[in-house]
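Take a look at the structure set out below.
The values are calculated or read from the model by the stated rules, or taken from the named source; none is laboratory data. In this text, all values refer to a predicted model and were calculated from it rather than measured experimentally. Methodologically, a virtual Cβ is constructed for each residue, glycine included, from the backbone with ideal geometry; neighbour enumeration extends over all protein chains shown. What goes into the accessible areas is simple: the full protein's heavy atoms, side chains included, and nothing from ligands, DNA or RNA. Shrake-Rupley method; radii C 1.70, N 1.55, O 1.52, S 1.80 Å.
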Amino acid sequence: KRDYILERAKKLMEKLGDNGSEMSEMTSEIQDSARVAKMQAYGTENIPCGDISGDEIIIVEGRADVINMLKNGVKNVIAMNGMKLPRTVIELADEKPNVTLFVDGDRGGNLIIKNVTEQAKIDFIAMAPEGKEVEELTGKEILQALRKKEKSKGYSTTQRSRGVKRYDSKESESN
């Protein structure tokens, strides 16, 4: 079946011609749609998710965040569908040894951190760059934010350490 599909694709590509940039664009689009096709539904609430069979999961805010994460190759992701954390996600978080909460870099993200950490066992917290949402991040920005994740034990929602250094406090002292 795979060989048939490859042969058919080769014939279609020959008919289209030698436009290299257009070919790479189509290839990229096909790969993105194949990744998004791997989106599943979990639990009785049909929560959008990727492959959450491993030991580590990443909880994001909504369906669009799951789609963006899958497009960028992060598969172990599940949505919480808004501000309220569904019971099935709480139960799943309790089962998994490594749970990361990945939120938008805005005030709403801080509120979600406070809400979710009170309800479920969260090991790490990752935050999108300030003013950005998870659904609009590039693959590189997603990986950077996940690398900068912090342990939830000592995390304070008042801190704003998302890789952006603040220099305004030193400037105000020297003036």
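Number of residues in segment 100-142 that are within 17 Å of Ile67 (Cβ to Cβ) and not polar (S, T, N, Q) equals 13. When you look at Ile67, is it closer than 15 Å to Glu133 by Cα and either polar (S, T, N, Q) or in contact (Cβ under 8 Å) with a residue 40 or more places away in the chain (or both), yes or no? Considered against the rule, which asks whether it is closer than 15 Å to Glu133 by Cα and either polar (S, T, N, Q) or in contact (Cβ under 8 Å) with a residue 40 or more places away in the chain (or both), Ile67 comes out as yes. Screening Asn46 on (1) farther than 23 Å from Thr138 by Cα; (2) touching a residue at least 24 places away in the same chain (Cβ under 8 Å) shows it passes everything except condition (2).
Checking segment 149-161 against the condition returns a match, with at least one residue being open to solvent by 80 Å² or more (accessible area, probe 1.4 Å) and at pLDDT 90 or above. One residue alone among Gly73, Gly82 is at positive phi and without any contact (Cβ under 8 Å) to a residue 24 or more places away in the chain, and that residue is Gly82.
On the given criteria, is Val164 among the β-branched types (Val, Ile, Thr), in contact with a strand residue (DSSP E or B) (Cβ under 6 Å, 6 or more places away or on another chain) and at pLDDT below 95? Working first, answer last.
On the way: among the β-branched types (Val, Ile, Thr): yes; in contact with a strand residue (DSSP E or B) (Cβ under 6 Å, 6 or more places away or on another chain): no; at pLDDT below 95: yes.
No, not satisfied.
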